[in-house]
Amino acid sequence: MRYQISGKQIDIGEALQIHVKSELGDVLNKYAGRPTDANVIFSRSAHEFDCEATIHLSTGLTAQAKAHDHEIYAAFDKCKNKLDKQLRRYKRRLKDHHRDRAEPVELFGASSYILASKDVAEDTEPESLQPMIIAEMETQIPSLSVGEAVMQMELASAPVLVFRNEGKEGVNVVYRRDDGNIGWIDP
């Protein structure tokens, strides 16, 4: 298990790092079979400390949580409790998928772009229909079943997830609808 514990513009002491490794290790040993790495980032916004944790599991799934509090240890404890709740909620499903899957999830490379948003008045016609690209990054598209994709989207608290459907070998999308249900696009 690899831990990466860092702070954004704040100093993270040795005692906090030991506390994070100990507490997070207990949660992961209890619920997750083989976690590969954990990334915990502490930051400060005004008078509160923020804690953001991301855990990558050997099954290819990712669990994420964020929390904030006036004390840095309390912020981590709240974040740890959210991760604990997520992993407890999906423990049975994670174990079932782990038994069916002999090797880790296959990932495919793709390009991800960030487009500039323009504040244009409703009456004006844009000069071009081509958006301005302000950032280009590499991203990974996992090869999952639809059930695993929905679980991954919920674990990451993401509004949408693009994945390669194992059953049909095509690219699919699952997303959270405005009515609270999950939508699935299978072209």
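The numbers here are math on the coordinates, done by the rules we state, and not lab data. Predicted, not measured: the structure shown is a model, and the values here were computed from it.
Before moving on, here are some points about what is shown:
- Long-range amide H partners of Ser58 with built H, under 5 Å: Arg34, Thr36
- Scaling the Cα radius of gyration of segment 105-185 by the globular reference 2.2 N^0.38 Å produces a ratio of 1.39.
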